[in-house]
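This report refers to the structure that appears directly beneath it.
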Amino acid sequence: MSTQLEDAAIGPSDWTSSLTYQSRATFRPTAADLRELAWKARSRNHALGVTGMLLYDRGRFFQTLEGPPESLKSLWDSISKDQRHTDIEILSEHIIPARLFGAWDLLSCHGDVADDSDVRRAKAGHELTRLVPSLIDLVLNGDDIGINKTIASLADQGWDGDTILTHLIEPTARALGDAWMSDDCSEFDLTIGLSMLQLAGHAVRNSPTPAALRQSRYSILLASAPGEPHTLGTSLLADLFTDAGWHVDMAFPDSNQALANQLAKQQPDAVDIGLSEAVPREHTLAKLRETVERSRFAAPDHLTVVSVGGRLFADAAATAENVGADHARKTVVGTSIKLAELIKLKRQEHGPR
Ligand SMILES: Cc1cc2nc3c(=O)[nH]c(=O)nc-3n(C[C@H](O)[C@H](O)[C@H](O)COP(=O)(O)O)c2cc1C
C-alpha cells in the first residue's frame with residue numbers, strides 16, 4: 001500500500017511523521033497473543049525511535065505511530081504486509097511538530113490486557129489528570145480554542161510543559177483510546193482528537209505562553225481563485241487539512257481585493273488558491289499571478305506560504321514559478337505534509353511570527 005510518506009518529499013531528519021490507521025484482525029487474538037505482539041513491537045519501535053499507541057477491540061485494530069519518516073516507512077513496510085490483519089485504512093498521515101507519545105513506546109490495550117496499568121495508575125493519581133474528562137469534552141467538541149485556554153491557564157499557574165504533557169495531554173490521548181474501545185467515540189473522533197492533542201503537546205513543549213499556543217496549530221485559508229466557478233477541489237482539501245489537524249478557513253472571493261482583505265484579517269500560515277479542477281484554461285495563469293502577488297502583499301510579514309492548484313498544474317505544464325507561488329499541488333496527496341514543511345522552513349528563515 002502506498003502512503004503519503006512515500007509520495008511526499010521528506011524534509012530534515014528532525015521532523016516527526018505520524019501515521020494512524022485502523023484494520024481488521026484476521027484471527028481471534030488471545031490476551032497472550034496481544035501481549036506478545038506488543039512486546040515484540042515495542043522493542044523494534046524502540047530501536048527505530050518510534051512511539052505510539054496500539055488498540056485492539058472486538059476484531060479491530062487502531063494504531064497511531066510517530067517517529068522519524070524513514071523509520072516509519074520501514075516499519076510500515078512490515079505492518080502493512082502482516083497477515084494478521086486486513087482491510088487496512090489509513091485515517092491520517094502528516095508531519096507533526098512534536099510527539100504526543102513521548103513517554104511511552106507502545107501499549108497494547110484491551111480491557112484487562114492493558115499491561116502498563118501500573119504506570120497508568122501512577123499517572124491517574126496526579127492532580128492534573130483530574131482534568132482529563134474536561135479536556136476530552138473539549139477535544140470531542142473540536143474546541144481547539146478551549147484546549148489552548150485550558151493549557152495556557154495551567155501554564156499561568158506555574159505548571160511546566162513536561163508535566164502538562166505527561167500528566168494531562170498524554171493521559172487524555174489514552175483515555176480517548178479507551179473511549180473508542182467502549183464505543184463512546186468513533187475512529188474519526190479519535191483520529192482528529194489525536195491530531196489536536198499532538199498540536200497542544202507541541203505548544204506546551206515550546207514555552208506554553210498564550211502567544212505560542214496561538215501558533216501551535218497551522219492555519220490555512222483555502223480559497224478558490226477569484227471568479228472561479230468550480231470549487232469542488234477546495235472542499236476536498238478542507239477535509240484533508242482538517243484531518244491533519246490544521247485550522248481551516250474557506251473563501252470563495254469574487255475579486256482579488258476580497259481575497260486580500262480576508263488574508264490581511266486572518267494572516268494564516270498558508271493560503272491555497274485553487275483554479276478549476278475541471279477546465280484547463282491557459283489564459284487564467286496571468287490572472288492567477290496577479291492574485292498571488294496581491295495575496296503576498298496582503299500578508300506583509302511574508303510568512304504566509306502561497307500554494308496554488310488546479311487542472312493546469314495537475315496535467316498541463318504549469319508550475320508554481322509561472323505564477324509566483326511557493327508550491328503548486330499536482331494532487332491533493334501529500335499537500336498538507338508539503339505545506340507544513342514550507343511553513344517550517346519560512347519560520348526558520350524569518351523567525352517566528
Ligand atoms: C495490528 C498490528 C500492529 C503492529 N504494530 C507493530 C509495531 O508498532 N511495531 C512493530 O515492530 N511491529 C508491529 N507489528 C508486527 C509487524 O507487522 C511485523 O510482524 C514485525 O515488525 C516484524 O517485521 P518483519 O516480519 O518485517 O521482520 C504489528 C502487527 C500488527 C498485526
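Ordered by the count of other Cβ atoms within 10 Å of each Cβ, fewest first, Asp269, Asp243 give Asp243, Asp269.
Modelled label-to-label distance, Arg289 and Glu127, 7 Å Cα→beta-carbon offset: nm? For Arg289 paired with Glu127, the spin-label model returns 6.2 nm. Couplings 3J(HN,Hα) for segment 77-91, derived from phi with the Karplus relation 6.51 cos²θ - 1.76 cosθ + 1.60 (θ = phi - 60°), are 4, 6, 4, 5, 9, 5, 6, 6, 9, 8, 6, 6, 10, 6, 9 Hz, where x marks Gly and Pro. Exposure proxy ranking for His247, His94, based on other Cβ atoms within 10 angstrom of each Cβ and starting from the fewest, stands as His247, His94. Summing charges over neighbours of Ala260, with a neighbour being any other residue whose Cβ is under 13 Å away from its Cβ, gives 0 when K and R count +1 and D and E count -1.
Once backbone amide H atoms are built at 1.01 Å from N, Ala328 has Val308, Ala320 as its partners under 5 Å, excluding neighbours fewer than 5 places away on the same chain.
Residue by residue, segment 148-164 carries 3J(HN,Hα) couplings of 4, 5, 4, 5, 4, 5, 5, 5, 4, 6, x, 6, 8, x, 4, 5, 4 Hz when phi is fed to the Karplus relation 6.51 cos²θ - 1.76 cosθ + 1.60 (θ = phi - 60°); x denotes Gly or Pro. Amide H contacts of His247 (H built 1.01 Å from N, in plane; Pro and chain starts excluded): Tyr218, Ser219, Ile220 sit under 5 Å, all sequence-distant by 5 or more or on other chains. This ranking places Lys149, Lys346, Lys40 by how few other beta-carbon atoms lie within 10 Å of each, fewest first, which gives Lys40, Lys149, Lys346. Pairs over the 31 Å Cα-Cα cut-off, from the set Lys40/Lys330; Lys81/Lys338; Lys40/Lys344; Lys149/Lys330; Lys81/Lys346: Lys40/Lys330; Lys40/Lys344; Lys149/Lys330; Lys81/Lys346.
Among 71-83, 256-268, how do they line up by average Cβ neighbours within 10 Å per residue, starting with the highest?
Per-residue mean Cβ counts within 10 Å order the peptides as 256-268, 71-83.
Amide H contacts for Asp272 (H built 1.01 Å from N in the peptide plane; partners 5 or more residues away or on another chain; cut-off under 5 Å): Leu221, Leu222, Ala223, Ser307.
Read-outs throughout are calculated quantities, based only on the coordinates presented, and are distinct from any laboratory measurement. Not measured: the values here are computed from a predicted model. Please note: Cβ atoms are built from the backbone with ideal geometry, for glycine as well, and neighbour counts cover all protein chains shown.
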